[in-house]
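None of the figures in this text is laboratory data; all of them are computed from the coordinates on show. Model, not experiment: these values are computed from the prediction. Please note: Cβ atoms are built from the backbone with ideal geometry, for glycine as well, and neighbour counts cover all protein chains shown.
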Amino acid sequence: MTAVLEVTNIKKSFGGIHAVNGVSFDVQEGEILGLIGPNGCGKSTLFNCILGQLTPSDGEVKVDGKVVTGMRPSELNGLGVSRTFQLLQVFPKLSVRENLILAGQEHQGNMLSRLLGPSDAGLTAAADQMIGFFKLDHLAKEPAGGLSYGQQKLLDAAMAFMGGPRLVLLDEPAGGVNLTMLADLKDRLRAINQEKRATFVVIEHNMEFVMSLCTRVMVMAEGKVLAVGSPAEVRANPAVIEAYLGH
Amino acid sequence: MSNLLDLLVAGLATGAIYAIVAVGFTLLWQTSQTINFAQGEFVMLPAFLMLAAMQAGAPFWLAILIGILLSMLLLGLGFKMLLVDPMLRHGVLPLAIATMALAIGIKEAVKQFWSAEASPFPSIVPTGDISILGRPVALQSIGVLALAILAVLALTTLLNRTSIGHQMQAAAQNPTVAKIIGVPVERMILFTFLINAFLVALASVLITPIYLAKFSSGEVLGQAAFIAAIVGGFNQVRGAIAGGLLIGVVDNLAAAYVSTQYRAAVPLILLIAVILLRPQGMFGRPEERTV
């Protein structure tokens with residue numbers, strides 16, 4: 001096994017607050033790493049540092065052995081790293097299919113070909129495959145803004161998987177999703193993980209979701225790693241129980 | 001009383017020009033929160049650039065081309081880089097006020113360096129009347145309407161049917177995600193400024209033969225486009241189109257059937273009614289931006 005993502009001693013401060021205070025971990029190919037911790041423990045900040053949306057104050061991020069610290073999100077996207085968002089981030093006026101096509105598109109390059117070439121950049125088939133995979137068939141032509149919250153979450157996930165990424169960081173994919181759709185989402189994520197050997201890091205508050213989906217779980221508290229281990233190990237860890245139930 | 005058909009066609013023709021100007025106006029708002037109070041002057045200026053080119057000896061078609069290119073350079077690229085980019089950092093309101101100052105600046109500069117008098121401007125479409133259903137209708141109105149419809153169709157095709165159009169929409173609807181998936185957001189915003197500059201130059205070519213080239217003609221146009229955009233829905237291209245056509249028709253009918261003295265008041269009454277009863281406009285949605 002090789003490490004797809006290696007994070008070494010990442011620090012990020014805002015003024016005097018150490019939101020992330022020296023976090024190191026790695027994720028192996030094909031792994032689903034769960035990232036849990038109380039609100040404000042630095043999970044999303046860590047994500048943003050890894051994904052280039054924030055520049056870490058210190059530390060190093062490697063993807064497939066290549067140092068990517070400080071790279072822009074679009075460059076990381078080009079390396080096969082994508083993400084989903086805690087709060088919904090779709091293009092509300094474009095259809096589900098158009099959203100997926102945009103997400104899968106190579107955006108750099110010739111302006112003229114993008115003006116005169118087909119608007120789908122040859123991605124309609126790939127988009128429709130993804131639509132079928134996430135069972136959004138009946139919604140393909142609907143504007144994304146008209147979908148239910150849970151459906152938009154599915155679309156957000158589907159967008160992250162366009163273009164066959166190696167590594168996907170999912171920020172609270174289960175938040176606000178109803179139980180039926182949640183089972184669907186978990187099922188889909190697991191399928192992509194196994195069929196495509198895609199590697200995931202998942203931030204999630206829904207314990208049942210994390211414990212049943214992830215192969216390994218990392219717990220954060222106050223900007224630091226509190227514990228790492230299998231779901232069973234983490235669940236039994238007294239420090240974790242302490243962090244969640246209060247000081 | 002003039003015949004209704006002619007009034008309607010003339011109303012739709014001016015309305016279509018308002019629509020073009022209003023569409024550019026909403027494009028700038030959607031992609032970069034620019035409320036361009038100089039939009040009317042942006043329509044006034046290209047006609048003078050074209051007149052200057054003709055005075056220097058260029059034939060009409062070349063003058064139009066030069067006018068459009070200069071407009072894209074000055075009112076597109078220059079406007080964005082020299083005024084919008086530096087001012088937007090300070091917020092939407094300072095930028096809006098800066099565009100008001102720009103409007104005054106352009107107007108006074110034309111008055112100073114060209115003339116305070118109105119200049120005639122050749123028509124790009126044939127003049128004269130043709131007979132429709134036995135009544136005479138101005139050929140110019142029909143030509144203007146046709147060209148304006150063509151421009152709007154080209155624009156909506158660009159926005160909805162091309163890859164670059166989808167990128168522009170993505171940049172307007174969700175710049176954060178657009179950036180992450182690699183859409184060159186800054187360049188897309190520049191495109192909308194260039195498109196706006198093209199649209200105002202086109203509007204200038206279409207409307208100046210009717211109203212003559214005058215330094216102050218932007219006041220009426222800017223106001224009409226502003227009202228059209230609000231009436232239609234500030235955040236919708238199709239709203240701006242509908243709003244423009246509506247203002248044009250209402251304005252013309254009011255002049256004929258109500259009073260020429262009060263014609264200018266009618267669009268304003270419409271504006272107040274829309275703001276009171278449906279503040280998001282005919283097609284708009286509250287607090288939403290899209291291309």
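Angle check, please: helix B:185-211 long axis (alpha carbons) against the longest principal axis of chain B (alpha carbons), in degrees 0 to 90, nearest 10. So the helix axis and the longest Cα principal axis differ by about 10 degrees. Modelled label positions at A:THR180 and A:MET207, each set 7 Å beyond Cα in the direction of Cβ, lie 2.8 nm from each other. Amide hydrogen proximity for A:GLY37: with H placed 1.01 Å from N in the peptide plane, the residues at 5 or more positions away or on another chain lying under 5 Å are A:MET220.
Separation between the B:ARG89 and A:GLU29 pseudo-spin-labels, each 7 Å from Cα along Cα→Cβ, expressed in nm? Spacing of the two 7 Å Cα→Cβ label points: 4.6 nm. Backbone geometry of region B:83-90 corresponds, through the Karplus equation with coefficients 6.51, -1.76 and 1.60 at θ = phi - 60°, to 3J(HN,Hα) couplings of 10, 5, 4, x, 7, 4, 4, 8 Hz, x marking Gly and Pro. When exposed loop sites are taken as trypsin sites (Lys or Arg not before Pro) in a DSSP loop with at most 12 other Cβ atoms within 10 Å, the longest stretch of chain A clear of them is A:1-140. Does region A:144-192 come out rounded, prolate or oblate, given a ≥ b ≥ c as the square roots of the eigenvalues of its C-alpha gyration tensor, rounded meaning a/c under 1.5 and, failing that, prolate meaning a/b above b/c? Verdict is oblate for region A:144-192. With the cut-off at under 19 Å, measuring from each backbone N in region A:80-102 to a point 7 Å along the Cα-to-Cβ line of A:ASP128 picks out A:95-102.
Taking only alpha carbon atoms, region A:159-247 gives an Rg to Rh ratio of 0.99, where Rh is the Kirkwood radius.
Relative to its residue count, region B:189-269 spans a Cα convex hull of 101 Å³ per residue.
Annotation for region B:201-263: chymotrypsin sites (Phe, Trp or Tyr not before Pro) lying in DSSP loop with at most 16 further Cβ atoms inside 10 Å of their Cβ are B:TYR262.
With a sphere of radius 14 Å drawn around the Cβ of A:ALA243, what net charge do the other residues whose Cβ falls strictly inside it have (Lys, Arg +1; Asp, Glu -1)? With Lys, Arg at +1 and Asp, Glu at -1, the net is +1. For the pair B:ILE130 and B:TYR257, the difference between a 0.36 nm per residue extended length and the Cα-Cα distance amounts to 43.4 nm. Per-residue Karplus couplings for region B:177-184, computed as 6.51 cos²θ - 1.76 cosθ + 1.60 with θ equal to phi - 60°, are listed in order as 5, 4, 4, 4, 7, x, 5, x Hz, Gly and Pro entered as x.
Debye-formula intensities of chain B, expressed as log10 I(q)/I(0) at q = 0.08 Å⁻¹, are -0.33 (one equal scatterer per alpha-carbon, no solvent).
For an R0 of 35 angstrom, estimate the FRET efficiency from the Cβ-Cβ distance between A:ASP137 and B:MET282 and round to the nearest 0.05. Working from the Cβ atoms, E equals 0.60.
Each residue in A:GLU204, A:GLU142 was given a count of other beta-carbon atoms within 10 angstrom of its own, and listing them fewest first yields A:GLU142, A:GLU204. For region B:249-261, putting each phi into the Karplus relation 6.51 cos²θ - 1.76 cosθ + 1.60 with θ = phi - 60° gives couplings of 5, 4, 4, 5, 5, 5, 4, 7, 9, 9, 5, 5, 5 Hz, in residue order, rounded to whole numbers and with x for Gly and Pro.
So, R0 is 30 Å and r is the distance between the beta-carbons of A:ARG197 and A:ARG72; what FRET efficiency does that work out to, to 0.05? That pair, A:ARG197 with A:ARG72, gives E of 0.70. Within 10 Å of the Cβ of each residue in B:178-188, the mean number of Cβ atoms contributed by other protein chains is 6.
Here the average projected area of the convex hull drawn through the C-alpha atoms of chain A stands at 14.1 nm². Amide H contacts of A:ARG83 (H built 1.01 Å from N, in plane; Pro and chain starts excluded): A:LEU169 sit under 5 Å, all sequence-distant by 5 or more or on other chains.
Give me the compactness ratio for region B:96-193, meaning the Cα radius of gyration over 2.2 N^0.38 Å. Against the compact-globule rule of thumb, the ratio is 1.66. Under 5 Å between amide hydrogens, built in the peptide plane, is the criterion, and for A:SER95 it picks out A:ALA144 among residues at least 5 positions away or on other chains. Computed over the protein assembly as shown, the quotient of the alpha carbon radius of gyration and 2.2 N^0.38 Å is 1.18. Annotation for B:ILE149 and B:MET81: the two label points, set 7 Å from Cα along the Cα-Cβ direction, are 3.9 nm apart.
Of the GluC sites (Glu not before Pro) found in region B:183-291, those in coil by DSSP whose Cβ has at most 11 other Cβ atoms within 10 Å are B:GLU287.
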